[in-house]
Amino acid sequence: MRATPESTSTAATDKAQRYDRQLRLWQETGQQALETARVSVFGSSALAAESLKNLILPGIGEFVVIDDATVGEQDVLTNFFVAPADLGKPRAEAIVEQLTELNPDVRGSAVVKSAESALETDILESATLVIACGLPAHTVQRISRLCWERNIALVVADTAGFAARLRTAIPEHAVVESHEELAPDLRIQAPFPGLAEHSDSIDLDTLDHVDLAHVPYVVLVLKALRSWATANGREVRRDTAITYAEKRKIKEEILCMAPNMDEENFREAHDKVNGDVIPYQIPAEVRRILSDPAAQNITAKSEKFWIMAHALRAYMASPYADGQLPLSGTIPDMKADTKSYIALQRVYKQKADADKAEYARHVRESLASLDLPPDFISQGEIDAYCKDARRLRLLRFTPLHDELESGPKDASALVSAGALDQYVAFRASDVFFAKHKRHPGVADSSTQGDGNDVVNNDTAELVAIANELLVQWSIESEVAEDVVRELARSGHAELHNIASLAGGIVSQEAIKLVTHQYVPANNGCIIDGASARIIFVAV
Amino acid sequence: MRRTDQLAQLYGEKTAERIAKARLLVVGAGGIGCELLKNLCMSGSCSKRKHIKRPKAEVAVQAISAFNPGINAHAQQANITDPQFDFDLVLNALDNLEARRHVNIQCLAAKVPLIESGTAGYLGHSTAKPVEQKTFPVCTIRSTPSSPIHCIVWAKSYLFAQLFGEQTDEIEMDEDGDMQELAQLREEARALKRLSEAVGCPDFAWQVFNKVFVQDIERLLSMEDMWKNRRPPTVLNYNGLAAGALDSPDDQSPPSATAALEMFRSSAERLACRATQRSERTLLMFDKDDRDALEFVAAAANLRAYAFGIPPTSVFAVKAMAGNIIPAIATTNAIVAGMMALQAVNVVDHRLQDCFTVYLTYSSSHDRYYMKERLPPPNPRCSVCRRHYLTMRLADPARTTLADLLARVTDGIGTSQDMRLGEDVSIVEGSRILYDPDFDDNASKSFEELGLGPGSMLTLTSEDDDDAIPVVISIARPTYISCAITFEGFEDFRGFPPLEQAAPEESDDEEIVAVVEADDDVVVIEEDVLTKPVKRKMEDESPEAAKRPSLYDVREQPANSEIIDLD
């Protein structure tokens, strides 16, 4: 039996309904960032169209496609967003027309100009993000410089047969909601006063059997730790290292407290000692952010992230903080009844609220010192910064134009990732194109012999270029000829499926950059479809 | 340039030809499914591109009902084991475990390779790892809820199912607890079921409210022992709540008790209207994307939460919890579908050694976003693979009885000693017991009388020999051969060669078919030179896992929220 699906959904819930599954990932804030973003896309190939599709479906605000190519037969075969009727039309217009149909909320437009001539205009002026697909290296360099100067996120990608490469660049990208999975911040080793009082207020000896089985494990560990410390004359501070042998004693203490071995909460407490009785540490990433010059010296032009980092420095320097970041206030599920769980939750929440209020005071002071209005940073932004203070992330990328000028910054990373051959083959292809104004493997009036001859000749030349590059980059190895031959054989032709796969990754990174949630890959990616490999590597 | 010319250049001619000839089945038309269809079509494996340019729902319905009616309750006429379909490869793009299990079994039975997939937010993979659905003790759900999820499970699996559904659907509850209490709960459920007769009455919502938030809670309160160490619930007051100030809550914030009551009343009315609009009562199933059902469950769950002093939950959150929602985004779908299409090419190109399990992972603290691993060899202890899968055709389903089938299988099917089940055999169809040594009421009934037709799958298990391998029989369309019962696809599943040996270079897809005549039956032994099954269930599954709710599973709906709406 099946319910006939009748729609009763109202217009108000329509959007929430449509974006339901993604809202659960990046919430209202991420969706808001996406809907106010403007993406400029250079290129209108299958790769460009597929990348855009994945941004249009989740509801990016606006996009513009810049390309002067016209639709050819090849496009009809590989690009899902052009139709046979589009033959001869500007390809940018063709894909914009089809792509905008995917989502009525998204505004799209086409600029029928070459990338070079479009760059003469203010095309990047209002862009949040730039995607460049299948452009020659010198144009990529130019775009990269312009984006770098303006602090605009850039994703560059191209495909050749089964292979594809990606590169992301932006001088600085800060992430508050990195969604990093960290152990909960329970402060068991050095409980704050409210937590210690709460723990002391529970007298296990007066509890009956049923209530005893409902005491949250956090309280049990706190009590066991305290009684172990007292018995052994130890003073446990937040930075005290407790050895494994000592933790065993604490565990024994818990077992002694248990009325019997079957109580789940005591078992949970026993199992959590190793992970939860740990010295308090500020994550290395957060320490780096706090000691960054940008956090030390703020100006009215500083990004909000840095003004808040500055305030966090001041907070940390105050006696109130006692060397600890604001408490997030969330506690994990544990064996307990609702009443005692909520009571414990309240203790953490109260401390978190107090920390937040104290931190907000420092934010206001920082803003005042810059003559900025107190509401320049909203309460919501302060809440998020406090909640994720341990998860703050800062990424600094290397400029792509420098890499194209002088080679990868860290070639050894390419070697150890197993991506060197693919990478250098693509780079050799860039050089080849600059020299011959055609892609390797593509026959034209300047080439001699049949298709096989062209592939053979071009392979030989690409191998020579690639090996020369490797010498320049001081890498003592020669390029694998089969990888280069495969690239020449492909003639840089697009395979739809590889374009779609690479487009998935382009848009994945684009969304992370736009929403400032989750941590984008820093900074390159090689896709080797022939052997089902996707290699993320820092070039 | 024709598409095949270009593809031939990149894939190689032979591979391009194999792709063009391949018969592929994509099961599921959600985010991954649509993306995958596009990739496969653009890779040349489907010549009629116009199909995918039609409206999504139409394509999806067509794809599903034309190719695999097994997933669609309405069009269930056959299953993919039926040789008429003859797929080279099945690709799963499903969002629930039951359907995945079902397709897995069907593929094992049909000896067709399966590529599995799934995503969760930024995570994705191309082989599914089934996640155990969490269950709760029945008493927690029905008598002593302590968290919002308990109230939601109660509203969805008990209240909604009893009032609007076909039968009690308590799969999310373990029957474990005080026998007397359980008996009382069963009586309570029956009373509620009776109340569902009142579905057309104008005061239906009030009656239900009175039953579950007044009478049932009064009954619970009378069991004083239960509340010695717990906070007792409070009886809700309909008029008191209705008199409260009615705010208009959005989906993101928890509704007040008054708002929950209003939502309860209005959604119950809409559901009642839908249930009674035809002369025959329409039974409804909970579907998270059905607004009325969602509102009813959210409202009832929140009213119960108020009664038990549990924090209320927003409609948005109820939807996630009641629907087991997993976040899904277009980008991850694109990456996973791209990987699946690559794997599909490897399979149709007979390069199983190039197939991998691939994972998209997310961790902000290191840079490994992607991993692949070799396919593990078949697990010899896997209870899903360790069965004989047969296809059965009947000459006359109206005359052939279950006893006829038993007579055929008692001594073993064909010549294999492995397929000997012995005297005492049980036959089940999904969770429905058709026959066992203590229950032979159905023995003399015909297949037609029992409602068993093409698409039905029977599991035959020996009751006196635990070592005997169960036999799974899928019923195909009737034959015109004059014998009563014909078995096909007779093969010992345990003797699989390792994957490395799997791909003989020149096969040309020819199958060697030997026909052995024995008695009045024809046993057709198909010996496929290609070793087709690729995907095996990696984990030991309990026999319950083989239950087959999926043929009637309506959860896999073609209409989904994040679908590419093309055309």
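The values are calculated or read from the model by the stated rules, or taken from the named source; none is laboratory data. The shown structure was predicted, so the numbers you read here are calculated from the model rather than taken from an experiment. Please note: Cβ atoms are built from the backbone with ideal geometry, for glycine as well, and neighbour counts cover all protein chains shown.
Among the residues of the range B:200-239, write down those that are farther than 19 Å from residue B:147 by Cα and within 14 Å of chain A (Cβ to nearest Cβ). The answer is B:225, and nothing else.
Table: residues versus (1) in contact (Cβ under 8 Å) with a residue 60 or more places away in the chain; (2) at the interface with another protein chain (Cβ under 10 Å from one of its Cβ atoms).
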{"position": "B:246", "(1), (2)": "no, no"}
{"position": "B:254", "(1), (2)": "yes, no"}
{"position": "B:273", "(1), (2)": "no, yes"}
{"position": "B:282", "(1), (2)": "no, yes"}
{"position": "B:300", "(1), (2)": "yes, no"}
{"position": "B:321", "(1), (2)": "yes, no"}
{"position": "B:325", "(1), (2)": "no, yes"}
{"position": "B:332", "(1), (2)": "yes, yes"}
{"position": "B:338", "(1), (2)": "yes, yes"}
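Within the range A:511-536, the residues that satisfy the criterion of being more than 8 Å from chain B (Cβ to nearest Cβ), within 26 Å of residue A:61 (Cα to Cα) and touching a helix residue (DSSP H, G or I) at 6+ places or on another chain (Cβ under 6 Å) are A:514, A:515, A:517, A:520.
Going through (1) in contact (Cβ under 8 Å) with a residue 12 or more places away in the chain; (2) assigned to a loop (DSSP other than H, G, I, E, B); (3) over 26 Å from residue A:193 (Cβ atoms) one by one, residue A:261 falls short only on (1). Before we move on, is residue A:182 modelled with pLDDT under 95, farther than 30 Å from residue A:493 by Cα and either of a type outside the set (Val, Ile, Thr) or part of a helix (DSSP H, G or I) (or both)? So residue A:182 fits the description; yes. Put simply, of A:449, A:418, A:441 the only residue that is on the phi > 0 side of the Ramachandran plot and without any contact (Cβ under 8 Å) to a residue 24 or more places away in the chain is A:449.
Just to be sure before I move on: is residue A:463 more than 13 Å from residue A:165 (Cβ to Cβ), crowded, with 24+ Cβ neighbours inside 10 Å, at pLDDT 95 or above and more than 22 Å from the chain's Cα centre (by Cα) in the structure I sent? Answer is no for this residue. Scan the range A:391-404 and tell me whether some residue there is surrounded by 14 or more Cβ atoms within 10 Å (Cβ to Cβ), more than 14 Å from chain B (Cβ to nearest Cβ), free of Cβ contacts under 8 Å to residues at least 24 places away in the same chain and under 30 Å from residue A:428 (Cβ atoms). Taking every residue of the range A:391-404 in turn, at least one turns out to be surrounded by 14 or more Cβ atoms within 10 Å (Cβ to Cβ), more than 14 Å from chain B (Cβ to nearest Cβ), free of Cβ contacts under 8 Å to residues at least 24 places away in the same chain and under 30 Å from residue A:428 (Cβ atoms). Number of residues in the range B:307-319 that are in a helix (DSSP H, G or I) and more than 10 Å from every other protein chain (Cβ to nearest Cβ): the value is 2. Identification of strands (runs of 3 or more DSSP E) wholly contained in the range A:67-178 with 2 or more residues that are within 14 Å of chain B (Cβ to nearest Cβ) and small (Gly, Ala, Ser) yields A:153-160, A:163-169.
In the condition set (1) closer than 18 Å to residue B:468 by Cβ; (2) modelled with pLDDT of 85 or more, residue B:410 is compliant with all but (2). Counting the residues of the range B:218-244 that are closer than 22 Å to residue B:207 by Cβ, in contact (Cβ under 8 Å) with a residue 60 or more places away in the chain and out of contact with any Phe, Trp or Tyr (no Cβ under 9 Å at 6 or more places or on another chain) gives 0. For the range B:268-306, the tally of residues that are assigned to a helix (DSSP H, G or I), buried (at least 19 other Cβ atoms within 10 Å of the Cβ) and touching a helix residue (DSSP H, G or I) at 6+ places or on another chain (Cβ under 6 Å) stands at 18. The residue of the range B:256-267 that is nearest to the other protein chains (Cβ to nearest Cβ), among those that are assigned to a helix (DSSP H, G or I) and farther than 16 Å from residue B:204 by Cα, is B:259. Residue A:357 meets all of the listed conditions (1) buried (at least 19 other Cβ atoms within 10 Å of the Cβ); (2) in a helix (DSSP H, G or I); (3) of a type outside the set (Val, Ile, Thr) but one, namely (1). For residue A:443, the conditions (1) part of a loop (DSSP other than H, G, I, E, B); (2) modelled with pLDDT of 95 or more are fulfilled apart from (2). Does residue A:510 satisfy being of a type in the set (Gly, Ala, Ser), crowded, with 20+ Cβ neighbours inside 10 Å and at pLDDT 95 or above? So residue A:510 fits the description; yes. Scanning the range A:472-487 for residues that are surrounded by fewer than 21 Cβ atoms within 10 Å (Cβ to Cβ) and either in a loop (DSSP other than H, G, I, E, B) or facing chain B (nearest Cβ under 8 Å) (or both) yields A:473, A:474, A:475, A:476, A:477, A:478, A:480.
Within the range A:19-59, take every residue that is assigned to a helix (DSSP H, G or I) and β-branched (Val, Ile, Thr) and give me the one that is farthest from the other protein chains (Cβ to nearest Cβ). Selected residue: A:29.
Out of the residues in the range B:451-466 meeting the condition of being under 21 Å from the mean Cα position of the chain (by Cα) and not in a strand (DSSP E or B), tell me which one is modelled with the lowest pLDDT. If we take residues in the range B:451-466 being under 21 Å from the mean Cα position of the chain (by Cα) and not in a strand (DSSP E or B), then B:455 is modelled with the lowest pLDDT.
Tell me yes or no: at least one residue of the range A:488-505 is more than 9 Å from chain B (Cβ to nearest Cβ), assigned to a helix (DSSP H, G or I) and farther than 15 Å from residue B:339 by Cβ. Checking the range A:488-505: at least one residue is more than 9 Å from chain B (Cβ to nearest Cβ), assigned to a helix (DSSP H, G or I) and farther than 15 Å from residue B:339 by Cβ.
Could we say that residue B:196 is in contact (Cβ under 8 Å) with a residue 12 or more places away in the chain and among the hydroxyl-bearing types (Ser, Thr, Tyr) here? Yes, satisfied. Just one of the listed residues (A:411, A:419) is aliphatic (A, V, I, L, M) and either touching a Cys at 6+ places or on another chain (Cβ under 8 Å) or under 30 Å from residue B:6 (Cα atoms) (or both), namely A:419.
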